[in-house]
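One structure below.
None of the figures in this text is laboratory data; all of them are computed from the coordinates on show. All values reported here derive from a predicted model rather than from experimental measurement.
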Amino acid sequence: MINSVKRIIVAAHYKGARFIESQGIVVHGVLAELHNEHVGTHDEAEHRTHERCIEKEKFSHQICHELKRILELSPSHTEVILVAEPKMLGLLREDMEKELAHVTVYKALHVDPARLSLKDIEAKIFE
């Protein structure tokens, strides 16, 4: 039955990530949050762009490690939903292929979840 499927929603952008529990088509709440400790301030625009790419890559690795930890603690969660801006979504997919190949990605949405509430995320995923 679809309503019994437990999923972890990873809502990520370059500054932070939320790991949200859902069951069926209902979002239950935030299990964990990460803040990107690699975000810095840079003076030159070109340097800033290069540094931001590196920061996103490092943070994507950190998100995958946290997701792995959560899934190990909650083996009843059988699927993952990714919600992220396009660049971060690509990085997450790449890291998951390497470190979490056994995990099923139920759905992936390329939207920036930075300012989305849990209800907004639920609506976007299950519309």
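Stretching the chain fully between residue 49 and residue 78 yields a gain of 6.8 nm (0.36 nm per residue, less the alpha carbon separation). Taking a ≥ b ≥ c as the square roots of the Cα gyration tensor eigenvalues, with a/c under 1.5 meaning rounded and otherwise prolate when a/b beats b/c, else oblate, which class fits the chain? Prolate is the answer for the chain, as a/c is 1.5 or above and a/b outweighs b/c. With 25 Å as the limit on Cα-Cα distance, the pairs of 58/98; 6/56; 56/107; 15/68; 98/119 that go past it are 6/56; 98/119.
Projected over every direction and averaged, the convex hull enclosing the alpha-carbon atoms of segment 57-127 yields 4.8 nm². With springs only between Cα atoms under 10 Å apart, run a GNM on the chain and tell me which of 93, 115, 18 wobbles the most. Among 93, 115, 18, the largest mean-square fluctuation in the Gaussian network model of the chain belongs to 115.
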